[in-house]
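Here the structure comes first, spelled out in structure tokens, and everything after it is commentary.
The values are calculated or read from the model by the stated rules, or taken from the named source; none is laboratory data. Here the structure is a predicted model, which means the values were calculated and not measured. Cβ: placed from backbone, ideal geometry, glycine included. Neighbour counts: every protein chain shown. Please note that ligands, DNA and RNA were not included when accessible areas were found on the heavy atoms of the full protein model with its side chains. Shrake-Rupley method; radii C 1.70, N 1.55, O 1.52, S 1.80 Å.
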Amino acid sequence: MIIGLTFFSVLTTLKEKFKSINDIQHYLLNVMLYVSIFTLIFLYMKRKKPVKRKSKSNLRSIDYMKLDPYQFERFCANVLNANGYQMMVTKKSGDGGKDLVGWNSRNERVFGEVKQYKDSNKVSRPLLQKLRGAMADAGVERGIFITTSQFTQEALEYAKRNKIQCIDRGQLERLIRRA
């Protein structure tokens with residue numbers, strides 16, 4: 001009964017607004033078409049499966065200090081990718097001073113270098129200069145340097161002036177947990 005009264009009320013309102021029955025029919029057909037399209041899009045989006053990402057536990061469970069250097073490069077690329085980057089590993093040798101190439105979350109081109117060092121072996125300025133040289137050669141303005149040790153103060157100052165983000169072991173661990 002309520003549906004019938006509502007329908008009658010809508011038809012009366014529409015009849016006053018439109019000049020003929022054909023205008024009302026045309027309007028109602030358009031409304032039904034739009035509602036159908038919206039419903040199909042809604043149902044499609046609801047059923048669409050989310051893109052699978054690497055499991056958090058996969059990255060957390062890897063002992064990265066036991067990886068060979070190339071495996072460690074791939075591991076670092078996966079960690080960065082899980083944190084908003086789009087990075088790829090370069091070839092094993094003759095990489096031109098960079099281990100990783102790709103884009104950051106702001107869609108800026110990035111070169112990366114990774115060093116799997118013991119805590120006692122700090123990354124110094126010459127290694128960052130090598131990465132900066134590769135960046136300059138390719139016209140890339142952003143760099144990222146990942147190490148399992150620490151950076152010297154001179155290296156950190158150089159990196160800051162040259163748009164190179166330095167990630168030491170502690171920061172790498174945080175990125176792994178956030179991945």
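What number of residues within segment 68-95 satisfy the criterion of being assigned to a loop (DSSP other than H, G, I, E, B), surrounded by fewer than 16 Cβ atoms within 10 Å (Cβ to Cβ) and in contact with a strand residue (DSSP E or B) (Cβ under 9 Å, 6 or more places away or on another chain)? Break it down into steps so the answer makes sense when it comes.
To start, the set of residues in segment 68-95 that are assigned to a loop (DSSP other than H, G, I, E, B) comprises 68, 82-85, 90-95.
Remaining after also requiring surrounded by fewer than 16 Cβ atoms within 10 Å (Cβ to Cβ): 68, 83-84, 91-94.
If we keep only those that are in contact with a strand residue (DSSP E or B) (Cβ under 9 Å, 6 or more places away or on another chain) too, we end up with none.
Number satisfying all stated conditions: 0.
If only one of K56, K17 is modelled with pLDDT under 75, basic (K, R) and more than 30 Å from R169 (Cα to Cα), which one is it? Talk me through it step by step, then tell me what you get.
Working: K56 fails: more than 30 Å from R169 (Cα to Cα).
From the options K56, K17, the qualifying one is K17.
Looking at N121, N104, just one residue is more than 27 Å from the chain's Cα centre (by Cα) and either surrounded by fewer than 20 Cβ atoms within 10 Å (Cβ to Cβ) or over 12 Å from T148 (Cα atoms) (or both), and that residue is N121.
Residues satisfying the criterion are present in segment 62-72 (criterion: at pLDDT below 95 and of a type in the set (S, T, Y)).
Do any strands (runs of 3 or more DSSP E) entirely within segment 96-172 hold 1 or more residues that are of a type in the set (F, W, Y) and under 17 Å from A77 (Cβ atoms), and if so, which? Step through it out loud before you land on a result.
Details: elements: 100-103, 109-115, 142-147, 164-167.
Qualifying strands (runs of 3 or more DSSP E): 100-103, 109-115, 142-147.
Restricting attention to segment 152-179, the residues that are of a type outside the set (D, E) and open to solvent by less than 60 Å² (accessible area, probe 1.4 Å) total 13.
When segment 133-151 is filtered for residues that are open to solvent by 40 Å² or more (accessible area, probe 1.4 Å) and either among the aromatic types (F, W, Y) or in contact with a helix residue (DSSP H, G or I) (Cβ under 8 Å, 6 or more places away or on another chain) (or both), the ones remaining, listed by number, are E141, R142, Q150.
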